[in-house]
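Structure in structure tokens, see below.
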Amino acid sequence: MRRLFIAALVGCLVGGLACTREAPPDAILHNASVWTGDSLRPSATAIAIRGERIIAVGSDAEILALAGDSTTVEDMQGRRVIPGLHDAHWHFPTRRTADLVGAKDAAEVVNRLKAFASEMPADAWITGRGWTPDMFPRNTAHRQYLDAAFPDRPVLITDRDGHQALANATALRLAAVSAETRDPADGVIVREANGAPTGLLQEAAMGLVRRLLPAPSELEVYRALREQMQRASALGLTAVQMAGATSATEDSAFARTIAEDSMRLRFRIAVPFTEAATDSVLAAYAARAQRETGPYLRFGIAKGMLDGTVDAGTAAMLEPYAGSTSSGLPMWELTPLVNTIARYDRAGLQVELHAIGDRAIRMALDAFDSVAVRNGPRDRRGRIEHLEVPHPTDIPRFKQLDVIASTQAIFATPDATALQNYVPLLGPSRERRAMPFKALDDAGAIQAFGSDYPVFPMDPLLGIYTAVTRQLPDGTPRGGWVPEQRISVERALRFYTWGSAYAAHREHELGVLAPGYYADLVVLSEDILVRDPQALLRAKPVLTMLGGRAVYRAP
């Protein structure tokens, strides 16, 4: 009898099954095709959940045997089940603006702005987001297109990447931006030959006009939070990491939603990364990270900016842009960067650095390397965000330095902006190393996938499709853009689950379907782990669970 008991106990532990009948699961999902993300048990057909956590993963027979009288049992009808998807780089849009994404030209941009203006009070600013350089003649945005349509109302529209904005003459006048206005630090006022502003404001120069926009109300922010969470749940997202600090109004919206017990998403929120941060400020950031350890809201990471974007010509490159003498807009020098990271690091804070150009990426790696030597070993998990065009010699350094590559799968979308503006600016040799997901994976780097929403759609299945095919949904360009950097669906899934959880220091409870982990999972309408990449476009979440609770069910 003793030998039989020991054998049964070992069987329970190896199979990850609950070894007691005292507390049956609250819910069981069975008849499923489960991709667990767990190397110890990569596939299963059933999951048992008690409270917010998974208590067992196994076969139908194993898991159904655990059911009690009060257990809810759901038949998944053979559908694919995956861990909840986790966006490692996401932004919270709180302001209502005109949607300019996909406009075919400047005329359509103006028409969309007019439609938006008709719904707004007569004295309200007209704002929009999502334009790209290729929408304007010669890839050059100019206020003349806005001035003709809106001679008396202020207009400010932000590009898709969020690194440049176009203001009309009225907005420039209200902000006192003229030929005499100096460029701010880390910003550029694009000018005519006579010095007059063209209306295009890059990087920090956007703030000269943006500061005049009225802040959204508490109610608007609260409604925006609920709307964004609902959209994310419907796309299979269960966690996001905000690459930006929250305002007091946003903090209030989170507090209200948590108090109502209506959170549908787990958040990790960044704090500012600045050279001017005092020791007391850093201590306050660290204290908040230690205090906010609930299941839905976490802190503990600081977001810094090292450069801009390729589309704006502000990403910091080692060599000038094609056909230009400019090599971008670096926002830091190495010595102050190292000193600042070291101070945040000593306070126990993780640091993530926006670095897109090869020069900025190398600076970030050099800085993390220096800080590790200066401050000594610790589990710091430095992150580089975007890293669109790393130099090939720097790719192995991610693993060597334990730096996380926080990449955006959907950035490899070969749309008109990429092919008509991004690629010509890089030139042929740098184009071949853009968004090198495969090279990073081959080098052993830990990647965390995200979307940079609202820069791109937050849909993670669309992001995975892009990483797998490097094509548009219609299958163009044939063979894919830079096809040697394509990866498998399974690798992309890992980066969108465990990789993102690791980047947030939550890999012990998120990103895998295994006993002890949160029951964050997605049931899909069809299997995405098949040879047909179009399945990624057809598949839709049928059920999204957060901590064992259904936060989305398809109609």
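Can you give me the ranges of the helices (runs of 4 or more DSSP H) entirely in segment 462-555 with at least 2 residues that are at pLDDT 95 or above, at negative phi and not small (Gly, Ala, Ser)?
489-494, 534-538
Another one. Whether any residue in segment 335-347 is out of contact with any Lys or Arg (no Cβ under 6 Å at 6 or more places or on another chain) and either at pLDDT below 95 or within 22 Å of Val190 (Cβ to Cβ) (or both) is what I want to check.
Looking through segment 335-347, none of the residues is out of contact with any Lys or Arg (no Cβ under 6 Å at 6 or more places or on another chain) and either at pLDDT below 95 or within 22 Å of Val190 (Cβ to Cβ) (or both).
Consider Pro197 carefully, then state whether it is at pLDDT 95 or above and either in contact with a helix residue (DSSP H, G or I) (Cβ under 8 Å, 6 or more places away or on another chain) or surrounded by 14 or more Cβ atoms within 10 Å (Cβ to Cβ) (or both).
So Pro197 fits the description; yes.
Report, by residue number, each residue of segment 422-455 that is in contact with an Asp or Glu (Cβ under 7 Å, 6 or more places away or on another chain), in a loop (DSSP other than H, G, I, E, B) and among the β-branched types (Val, Ile, Thr).
Hit for segment 422-455 is Val455, nothing else.
Given (1) closer than 30 Å to Leu337 by Cβ; (2) among the β-branched types (Val, Ile, Thr); (3) outside any helix (DSSP H, G or I), identify the lone condition not met by Val209.
Condition (3) is where Val209 drops out.
Same structure again: Given the structure, is Asp459 over 16 Å from the mean Cα position of the chain (by Cα) and acidic (Asp, Glu)?
When the stated conditions are applied, Asp459 does not pass them.
Before we move on, is Phe368 in a helix (DSSP H, G or I), in contact (Cβ under 8 Å) with a residue 40 or more places away in the chain, crowded, with 23+ Cβ neighbours inside 10 Å and not aliphatic (A, V, I, L, M)?
Against the criterion (in a helix (DSSP H, G or I), in contact (Cβ under 8 Å) with a residue 40 or more places away in the chain, crowded, with 23+ Cβ neighbours inside 10 Å and not aliphatic (A, V, I, L, M)), Phe368 does not qualify.
Quick test for you: out of Trp90, Trp35, pick the one residue that is among the aromatic types (Phe, Trp, Tyr) and either at pLDDT below 95 or touching a Leu at 6+ places or on another chain (Cβ under 7 Å) (or both).
Trp35
Also, quick follow-up: Which of the residues spanning segment 17-32 are at pLDDT below 95 and within 21 Å of Asp75 (Cα to Cα)?
Within segment 17-32, Leu17, Ala18 qualify.
Which residues, taken from segment 29-43, are touching a Ser or Thr at 6+ places or on another chain (Cβ under 8 Å) and touching a residue at least 24 places away in the same chain (Cβ under 8 Å)?
Those that are touching a Ser or Thr at 6+ places or on another chain (Cβ under 8 Å) and touching a residue at least 24 places away in the same chain (Cβ under 8 Å): His30, Asn31, Ala32, Ser33, Val34, Trp35, Thr36, Gly37.
Counting only residues that are closer than 17 Å to Leu462 by Cβ and in contact with a Leu (Cβ under 9 Å, 6 or more places away or on another chain), which one in segment 493-512 is surrounded by the fewest Cβ atoms within 10 Å (Cβ to Cβ)?
Selected residue: Leu493.
For the subset of segment 387-403 comprising residues that are touching a Phe, Trp or Tyr at 6+ places or on another chain (Cβ under 7 Å) and closer than 23 Å to Glu507 by Cβ, which member is surrounded by the fewest Cβ atoms within 10 Å (Cβ to Cβ)?
Ranking the candidates gives Leu401 first.
Something else: State whether one or more residues within segment 107-124 are among the aromatic types (Phe, Trp, Tyr), surrounded by 14 or more Cβ atoms within 10 Å (Cβ to Cβ) and in contact (Cβ under 8 Å) with a residue 40 or more places away in the chain.
Taking every residue of segment 107-124 in turn, none turns out to be among the aromatic types (Phe, Trp, Tyr), surrounded by 14 or more Cβ atoms within 10 Å (Cβ to Cβ) and in contact (Cβ under 8 Å) with a residue 40 or more places away in the chain.
Here's a follow-up. Pull up segment 56-68, narrow it to residues that are touching a residue at least 40 places away in the same chain (Cβ under 8 Å) and surrounded by fewer than 24 Cβ atoms within 10 Å (Cβ to Cβ), then point me to the one that is nearest to Phe299 (Cα to Cα).
Per the stated criteria, the residue is Gly58.
For residues in segment 379-418 being hydroxyl-bearing (Ser, Thr, Tyr) and under 17 Å from the mean Cα position of the chain (by Cα), which is nearest to Asn139 (Cα to Cα)?
Top of the filtered list is Thr413.
Let me ask something else. Any residue in segment 348-355 that is buried (at least 24 other Cβ atoms within 10 Å of the Cβ), within 22 Å of the chain's Cα centre (by Cα), among the aliphatic types (A, V, I, L, M) and not in a strand (DSSP E or B)?
No, every residue in segment 348-355 fails to be buried (at least 24 other Cβ atoms within 10 Å of the Cβ), within 22 Å of the chain's Cα centre (by Cα), among the aliphatic types (A, V, I, L, M) and not in a strand (DSSP E or B).
Kindly indicate whether any position in segment 277-285 is among the charged types (D, E, K, R) and surrounded by 14 or more Cβ atoms within 10 Å (Cβ to Cβ).
no
The values are calculated or read from the model by the stated rules, or taken from the named source; none is laboratory data. Because the structure is a prediction, the values reported are computed rather than measured. Here the Cβ is made from the backbone with ideal geometry for all residues, glycine too, and neighbour counts use every protein chain on show.
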